[in-house]
Amino acid sequence: MKVEIWSEVTCPWCGLGSHRLERAVERFEHGEHVEVVHRSFPLGSGFPEGSTFTVRDALQSRYGMGSDQAEASTRRIEALAENEGLSPYRVLDNTVGNTDLAHEFLAHASAEGKNRAAWEAIFRTYFGRAEPVFSLEDLLKLAGELSLDRERTRRALAERRFRQQVLDDARQAQRLGASGAPFIVADGRYGVAGAQDSDSLLQLLPKAWDENHLVALAPACGSDGCAVPSATS
């Protein structure tokens, strides 16, 4: 069974959702027969290329969040991540920017057979180390960590070879019903929107194994920002 997950690189729910999916697949009785494929759902195209902004500034300017609201929202996500073994997981004390090139890098890495490794590395770099993943040099550093050929990677990104593939990934997710990220589809027919927890995914995977479809909602990031979890999330 193939499980596809569409994500934005800088979406905190996406990094957490990816981790939760991996844990659920590990615990699933047919987990050895599950192929997890990561796909792009860019939400950062509205930022100017070549510039980065603090998360605090972005939340205030794009979504009208005050300092206290931004603090409460992002620290809650950080706490959820820590409770699930993702520590450090830095959301508020980070930067954001245009992620188009990062998604093209991930598509290139996927073409080189490193889909899961590349997505894990970029989430680890961005949320775990709070390092930027926006510029060509940022991504060439990641290429080295993944043992990707540096010059081949440079040419692929400079020529924007994977721009169309990234756009196609996002359009495919939208055709399947996605309005934000993360978005998970199992076996091409079983859709889950948002960062479901691992226990919920573990209950849903067997149904995806046997049934036709299900749509469920959980916290996610969309064009209007990231949903703030309730105390019971």
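The values are calculated or read from the model by the stated rules, or taken from the named source; none is laboratory data. Since the model is a prediction, treat every value here as computed from it, not as a measurement. Please note: Cβ atoms are built from the backbone with ideal geometry, for glycine as well, and neighbour counts cover all protein chains shown. Side chains are part of the model used for accessible areas, which takes the heavy atoms of the whole protein and leaves out ligands, DNA and RNA. Shrake-Rupley method; radii C 1.70, N 1.55, O 1.52, S 1.80 Å.
Computed quantities for the displayed model
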{"item": "Residues of type lysines that LYS114 reaches as a straight line, Cα spacing below 22 Å, ignoring anything fewer than 8 places off in the same chain", "result": "LYS2, LYS141"}
{"item": "Average accessible surface area per residue within the chain, 1.4 Å rolling probe, Å²", "result": "47 Å²"}
{"item": "Which of SER147, SER110, SER45 is most accessible, then next, and so on - probe 1.4 Å", "result": "SER147, SER45, SER110"}
{"item": "Trypsin sites (Lys or Arg not before Pro) within segment 158-205, DSSP loop, no more than 14 other Cβ atoms inside 10 Å", "result": "ARG160, ARG161, ARG189"}
{"item": "Solvent-accessible surface ranking, highest first, for HIS33, HIS38 at 1.4 angstrom", "result": "HIS33, HIS38"}
{"item": "Probe 1.4 Å, all protein chains present, accessible-area order of LYS141, LYS114, LYS207, largest first", "result": "LYS141, LYS207, LYS114"}
{"item": "Principal axis dimensions, segment 9-76 - Cα atoms, whole angstrom, descending", "result": "45, 28, 14"}
{"item": "Length gained when the stretch GLN203-GLU35 is fully extended (0.36 nm per residue, less Cα-Cα span)", "result": "58.7 nm"}
{"item": "Global form of the chain, assessed from the alpha-carbon gyration tensor, a/c cut-off 1.5", "result": "oblate"}
{"item": "Radius ratio Rg over Rh of segment 92-201, counting only Cα atoms, Kirkwood formula for Rh", "result": "0.98"}
{"item": "Share, in percent, of DSSP beta bridges within segment 1-144 that are antiparallel, nearest 5", "result": "35 percent"}
{"item": "P(r) of segment 55-157 over all Cα-Cα pairs, binned every 5 Å from zero, in whole percent", "result": "2, 12, 21, 19, 16, 14, 9, 5, 1"}
{"item": "Percent accessible area from carbon and sulfur atoms, segment 4-150, protein chains only, probe 1.4 Å", "result": "46 percent"}
